[in-house]
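Have a look at the structure below, then the notes.
The values are calculated or read from the model by the stated rules, or taken from the named source; none is laboratory data. Bear in mind that the values here come from a model prediction, so they are computed numbers and not experimental data. Cβ placement follows ideal geometry from the backbone for every residue including glycine, while neighbour counts extend to all protein chains displayed. Please note that ligands, DNA and RNA were not included when accessible areas were found on the heavy atoms of the full protein model with its side chains. Shrake-Rupley method; radii C 1.70, N 1.55, O 1.52, S 1.80 Å.
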Amino acid sequence: MNDGAREVELAAEVSHADLTRPNIARMYDYILGGSANFEVDRAAADQALELVPTERDYSYTNRSFLGRAVRYLVTEAGIDQFLDLGSGVPTVGNVHEIARAHCPQAKVAYVDWEAIACHHARHLLGEDPQVSVTELDVCDADEVLRSPGVAGLLDFSEPVAVLAFGILDLLPSPDGAALVKRYRDACVPGSALAVSNNAQMSRTDDEVAALRSLLAGTSTPNLHIRTADEVAELFPGYALVDPGVVPAAHWRPDAPVSDEEAARGNVLGGVGILRG
């Protein structure tokens, strides 16, 4: 089936999806080599890469950090439940694959508001009793937490890792800490929070301005770039895991990474464990 025919089929299957504007989850999927994207997303992603060539580095750095963080949370923190906020389109190296490679009983609740991302995720995952996909706005924490896909899968009387990768920087409100608190309050001590956030490390001011202008025409028009100190402020109540909030490529890398290489990712990351 060619791309045009597949897009028509997807549009019919997910009639409530907004296919008139690019969507960041589908753009991200395209840059990572996925197939759950449309011509409007591919055009916007190509434009982003032309304006800011390091956006490809951002995508791969962020994805790699996700994998290392999940592996740490399973193998060292002993957590086997994950709430992935703004999960986007599951692609190679997704959360449940990484977690279950080390802990077969791990459970993952994916949450995203983008209809195509959720549709693709459900198709990919099938009838997996240890994984759920919930189509909701992560900003409505109360609704997310009581939804069947979350409350019916995860046991919040035991530690849960809340994952917020590349999502807090795209939400309408810049007050990410307030949203984090709503999810934190549902968790018991020993739970975790893992965050990645756009940063300005190798991007120029002009590149950031161009990126903001491009995103303004998408369904996620916001971009809250944060410093390391501002990302650390998203972790009240959590003890940051060494090395703290750092360029994501420097967070427990599997091989040495130069400062220049890390800066090209333009993404900060950190993991925290909820204190008692």
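Give me the percent of accessible area attributable to carbon and sulfur for the chain, probe 1.4 angstrom.
Result for the chain: 51 percent of the exposed heavy-atom area is carbon or sulfur.
With each pseudo-label sitting 7 Å past Cα toward Cβ, what's the ALA216-LEU49 distance in nm, one decimal?
2.5 nm
Could you work out the pair-distance distribution P(r) of region 20-128 from its alpha-carbon pairs, with 5 angstrom bin width and percents rounded to whole numbers?
2, 12, 21, 22, 18, 13, 7, 4, 1
Which whole-number percentage describes the relative contact order of the chain, with Cα contacts under 8 Å and a sequence gap of 6 or more?
Over the chain, the number comes to 20 percent.
Which value, in debye to the nearest 20, gives the size of the charge dipole of the chain about its Cα centre, when Lys and Arg are +1 and Asp and Glu are -1 at the Cβ?
Value, rounded to 20: 520 debye.
Using just the helices of the chain, give the 222 nm mean residue ellipticity in deg cm²/dmol: DSSP H runs with n ≥ 4 each add -39,500 (n - 2.57), and the total is spread over all residues, rounded to 500.
Calculated from helices alone, the mean residue ellipticity at 222 nm is -12000 deg cm²/dmol.
Under the Kirkwood approximation for Rh and a Cα-based Rg, what ratio Rg/Rh is obtained for region 136-276?
Rg/Rh for region 136-276 comes to 0.99.
Ranked from the most accessible area to the least, with a 1.4 Å probe and all protein chains present, what is the order of ARG212, ARG100, ARG68?
Per-residue accessible area, sorted high to low, gives ARG212, ARG100, ARG68.
Report the extension gain between ALA151 and ASP229 in nm, rounded to one decimal, defined as 0.36 nm multiplied by the number of residues separating them, less their alpha carbon distance.
Gain on stretching ALA151 to ASP229: 24.8 nm.
Roughly how much of PHE165 is accessible, in Å² to the nearest 10, using a 1.4 Å probe?
That residue has around 20 Å² of solvent-accessible surface.
What share of Cα pairs, in percent, lie more than 27 angstrom apart in the chain?
The calculated P(r) of the chain puts 35 percent of pairs beyond 27 Å.
Over the chain, with the other protein chains present, what is the accessible area per residue in square angstrom, probe 1.4 angstrom?
On a per-residue basis, 43 Å².
For region 176-276, with the dipole built from +1 on Lys and Arg beta-carbon atoms and -1 on Asp and Glu ones, taken about the Cα centre, which of GLY276, VAL208, ALA239 lies farthest toward the positive end?
Most positive-ward Cα: GLY276.
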